[in-house]
Amino acid sequence: MSASPGDRGRDPSARVYAPDFLTELFREPLDPGYADAAARRQEASPSRWRRLLARPVSLVVLVVIGFLFAVAYRETVAEEPSRAKARAGLIAAIKQREAETDRLTERADQLREEVGRQRDAALSGSQASRLRKLEAGTGLGRVRGDGVVVRLADAAGDKDAVTGAGVGPSRVLYSDLQKVANALWAAGAEAIAINGQRLTATTTIRSAGEAILVDYRPVTGPYEVAAIGPGSMRDRFEDSPAADLMRSVGRSNGLSFGVKDAEDLTLPAAPQPRLRYAEPSVSPSPSPSGSGAAGSKSPGPSGSGSSSPSGGGR
Amino acid sequence: MIAVLALLAGVVLGVYLDPTVPAALQPYLPIAVVAALDAVFGGVRAKLDRIFDDKQFVVSFISNVLVAALIVYLGDQLGVGGQLSTGVVVVLGVRIFGNVAAIRRHLFRA
């Protein structure tokens, strides 16, 4: 912007520096070309053919501009339904994939049962029953028994998701489910399922946006946490801080929370965990510490005696 | 008057023909519209200032659209397409605003 030192001595009017671009833009928005053209016209009138040609050309340009406006308008209007269509398509795809997952899960369950039957046929009776017990304890096998059902539901009539009120404590949070599940484990539960999703040692209960995911599968309210355990489980759960908290939240926010005894509950098997880093130990007497931590490639401590088969669940 | 009719003819033509814009050109459409608006308001103001020039109008429209499209294209290639189109819209928007203000002063003397 500034003149080099050598220019200082010259006539200052010889060099005119334009003000910076934005200042110029705000001061004189009209293209300076119009003024220049007008000045040129004053000096010499343009040639005859140019005068004849100029008018039609600018009219053609105006037609083009109008065309452009119409096309842009139509394009913008046409964009809207396509966006809604894309959204609907995505929703349909999600629904379809979910149905597919359900179908495949069902098939996997059938196959697993089939494998279990075949294995029972192939193994000796004591080994087979030991395996079944291990499976039941770790959540990989279906279990039956008496226990309790804890029911949690969102407060009614508070579904204003737009203003963010939906995230408030009047809804069941994933942490509520976590606390209830942990309190049930602590109260002696041997198997827990949330809305039919069996909890294992590696099951996660977490939130993704507005939804709660149990083992990466979305569950929706009302939430039923079913647990199989000893008869004392209900009293111990009712005395736990988690139950206290849920009761007080229910009183203050209208969230419903209830515990009831249930007889002959059947909890489904959890899907087979995908182990990426842990490998089954090949030692002849497998250690029942089932919760495979990452990177435990070394074979388990051989000779550590058998312990309670439900150890992996707690 | 003829100019307004030509503009309307273009709109009618666009509505009637209902052309489909190729997907590759779609990002440039809004920028082209803003550039065209700039040229139109500049032309109207020049007309009111009695310095309208057909050649200047045609050249300014074409160069506006081309330069705006080029900037957006370059921005897309460099990964700053959004920011550069914002820049184009701001500059052209300021000019449109200034020219409309001048037209208003011409028409209403206020």
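When a footprinting reagent is the concern and you count Cβ atoms within 10 Å, what order do A:41, A:83, A:236 take, fewest first? Don't skip to the end; give the middle numbers.
Numbers: A:41 12, A:83 9, A:236 17.
Lowest count first: A:83, A:41, A:236.
Given Cα pairs under 8 Å that are at least 6 residues apart, what percent is the relative contact order of region B:23-108?
On the way: 65 pairs, mean separation 33.5, N = 86.
Reported relative contact order: 39 percent.
Using the crude model of +1 on Lys and Arg Cβ and -1 on Asp and Glu Cβ, and no other charge, please compute the dipole size for region A:77-140 relative to its Cα centre, in debye to 20.
Working: 13 positive and 11 negative charges, 31 e Å.
Around 140 debye, computed over region A:77-140.
Quick one: what Rg and Dmax do you get for region B:1-60 from the alpha carbons, in Å?
When restricted to the Cα atoms of region B:1-60, Rg and Dmax are 13.8, 41 Å.
Using a cut-off of under 19 Å, list every residue of region A:24-57 whose amide N is near the label point 7 Å from the Cα of residue B:104 along the Cα-to-beta-carbon line.
From region A:24-57, the list is A:25-31.
Tell me, what is the FRET efficiency for residue A:210 and residue A:44 to the nearest 0.05, using R0 = 56 angstrom and their Cβ-Cβ distance as r?
0.15
Considering only the other residues whose Cβ falls under 9 Å of the Cβ of residue A:136, what net charge follows from Lys and Arg at +1 and Asp and Glu at -1? Please report the intermediate quantities before stating the final value.
Working: positive: A:132, A:133, A:142; negative: A:135, A:190.
With Lys, Arg at +1 and Asp, Glu at -1, the net is +1.
Just how large is the dipole of region A:21-97 about the Cα centre, in debye to the nearest 20, putting +1 at every Lys and Arg Cβ and -1 at every Asp and Glu Cβ?
Working: 13 positive and 8 negative charges, 95 e Å.
Computed charge dipole of region A:21-97: roughly 460 debye.
Can you give the average number of partner chain beta-carbon atoms within 10 Å of each beta-carbon in peptide B:1-12, as a whole number? Intermediate results must be reported in sequence, preceding the final value.
Numbers: counts 0, 4, 5, 2, 4, 10, 9, 3, 5, 13, 9, 4.
Mean shielding by partner chains, rounded to a whole number: 6.
Can you grab the distance from the C-alpha centre of region B:85-107 to the C-alpha centre of region A:51-114, Å, no decimals?
32 Å
For chain B, what does -39500 (n - 2.57) per DSSP helix run (n ≥ 4), summed and divided by total residues, give at 222 nm, in deg cm²/dmol to the nearest 500?
Details: 4 runs with 90 residues, N = 110.
Roughly -28500 deg cm²/dmol at 222 nm, from the helical runs in chain B.
Across peptide A:71-77, how many C-beta atoms of other chains are within 10 Å of each residue C-beta, on average?
On the way: counts 13, 9, 4, 6, 8, 3, 0.
The shielding value for this peptide is 6.
For B:62, B:51, what ranking results if the residue with the fewest other Cβ atoms within 10 Å of its Cβ goes first?
In increasing order of surrounding Cβ atoms, one gets B:62, B:51.
Roughly how many nanometres apart are two label points built 7 Å out from the Cα toward the Cβ at residue A:20 and residue A:115?
Label-label distance for residue A:20 and residue A:115, simple model: 7.0 nm.
In chain B, if the dipole is taken from +1 on Lys/Arg beta carbons and -1 on Asp/Glu beta carbons about the Cα centre, which of B:5, B:29, B:108 is farthest to the positive end?
B:108
Across the residues of B:20-29, average count of Cβ atoms on other protein chains within 10 Å?
Values: counts 4, 5, 0, 0, 0, 1, 3, 0, 0, 5.
Taking all residues of B:20-29 together, the mean is 2.
Between residue A:91 and residue A:55, what's the calculated FRET efficiency when r is the beta-carbon distance and R0 is 51 Å? Round to 0.05. Before the final figure, lay out each step's value.
Values: r = 55 Å, r/R0 = 1.08.
So, using R0 = 51 Å, E works out to roughly 0.40.
So for the pair residue A:256, residue A:105, with labels modelled 7 Å out along Cα→Cβ, what separation do we get in nm?
Once both label points are built, they end up 2.4 nm from each other.
Set the Förster distance to 60 Å, then compute FRET efficiency between residue B:8 and residue A:126 from the Cβ-Cβ distance, nearest 0.05. Mind showing how you got there, number by number?
Numbers: r = 93 Å, r/R0 = 1.55.
Taking R0 as 60 Å, the efficiency between residue B:8 and residue A:126 is 0.05.
Note down the nm distance, to one decimal, between modelled labels 7 Å out along Cα→Cβ at residue A:275 and at residue A:263.
Spacing of the two 7 Å Cα→Cβ label points: 4.0 nm.
Since every read-out is calculated from the coordinates, none of them should be taken as a lab result. This structure is a prediction, so every number in the text was calculated from the model and none was measured. Here Cβ is always computed from backbone atoms with ideal geometry, including for glycine, and neighbour counts include all displayed protein chains.
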